[in-house]
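Written below as structure tokens is the structure these notes are about.
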Amino acid sequence: MNIKSETILSAFRQLSMEQQEQLLPSLQLAWESKSPVLQKVKTELMEKQPLKPCPHCKAENPLKRGKIKGQQKYCCRVCNKQYRENTGTVLYNLQKKDKLQAYLEEMRKGTSIKKTAKIVGISIQTSFDWRHKILSSTAEKLHQKLGGEIQCDELELAQSSKGERGLQRPSRKRGNDFKRNEKGKKNTTVQVITAIDNHGVKMMQAVETKRLTRQQISQALASKLERNSTLITDEHHSYKAFAKDKKTITHKTFIAKAHQSKTDKKVNLQKVNQTHSELRKFLDRFHGVSTKYLQNYLNWYLNQKNIENLNNQLQQWFYGIVGSQIAYSIYQLTKLNSAIIRT
């Protein structure tokens, strides 16, 4: 240990236990941002599963077919298709992988796409594409089921066509010139269905609609709720219709203006309302999110909340990036509607 390190360690020891506890996560993140996290994660995953299952038919125990550009090639014994270790992941066909960790660090900080491009040394279009490639890997990790008591409500947001050209309406210059749905006119809102159980597991689903229907609620919630759980909502008729069809759950309601049940104060939507407040703050820093990408940003918010108290946040992001075998196909679907950024 050199003199500089001993000086830093001595100063650290002089701090109180509470100050040391507050400083340690920052030190861990600073160290992690400089260490080769991606290679470490890839090595760990290879040790757990030396042979990658076929991404086409899911068959295991493939044949090895040598390496190309440092990547292991495989041939499936069942469907006879060839693939590489990065096939299906965000890393597939990704150029400049050496810049990915620096990019992810800026993304974790909430740095804008343009500023990140300048810091990392990539084009703005590449910065935009990387953001959505990375976010496509979060969807697979957020398929947890909700159980126990589940609060559920929707957050209404304005539809946004940010980045699009050839709009069929005058462009909005400010967020406050948004007009809600008017009778007989086109839909102008997005409903974010949010559900939170008493263990803190969250689910969010964006739906472009004026008012939620039973079918839309069912598509968002039906497969996410465990048997014998209790769903808490306001008296929205669509939630009642959904719960009536869902015989495996109990449904508790209250009048929305009352904020909680008159007979049971535990029947409320406090967790959901707090989450909606946090989500608004999260989205505000992007100065508007296009509706077609909103679900990606909801997944980003949920993933960040899941790992915000961990010291190895970059490592957790890379586990999703390398581990998700359907991320590339999700990104390709997103790309069909993605923007071309002209700089």
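What the table below lists for this structure:
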quantity: Stokes-Einstein D in µm²/s, Kirkwood radius over Cα pairs - the chain at 4 °C with 1.567 mPa s viscosity; calculated: 56 µm²/s
quantity: Cα gyration tensor category, rounded, prolate or oblate, for segment 265-323 with a/c compared to 1.5; calculated: oblate
quantity: Segment 71-136 - percent relative contact order, Cα under 8 Å, separation 6 or more; calculated: 21 percent
quantity: P(r) tail fraction, segment 186-292 - alpha-carbon pairs more than 19 Å apart, %; calculated: 49 percent
quantity: Among ALA195, ALA256, ALA158: highest mean-square fluctuation, GNM of the chain, C-alpha pairs under 10 Å; calculated: ALA256
quantity: Helix-only CD estimate at 222 nm, as mean residue ellipticity for the chain, using -39500 (n - 2.57) per DSSP H run (n ≥ 4); calculated: -12500 deg cm²/dmol
quantity: Heavy-atom surface of the chain, accessible at 1.4 Å and reported per residue (Å²); calculated: 59 Å²
quantity: Full-stretch length increase - THR7, ILE255 - with 0.36 nm per residue and alpha-carbon distance subtracted; calculated: 83.1 nm
quantity: Calculated from backbone phi, Karplus (6.51, -1.76, 1.60) coupling profile of segment 283-296 in Hz, x at Gly/Pro; calculated: 6, 4, 5, 8, 6, x, 10, 4, 4, 5, 10, 4, 4, 4
quantity: Solvent-free Debye scattering, log10 I(q)/I(0), computed from the Cα coordinates of segment 204-246 at q = 0.15, 0.18, 0.20, 0.26 Å⁻¹; calculated: -0.35, -0.51, -0.63, -1.05
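The values are calculated or read from the model by the stated rules, or taken from the named source; none is laboratory data. Keep in mind the model is a prediction, meaning the values are calculated, not measured. Ligands, DNA and RNA are excluded from the accessible area calculation, which covers all protein heavy atoms including side chains. Shrake-Rupley method; radii C 1.70, N 1.55, O 1.52, S 1.80 Å.
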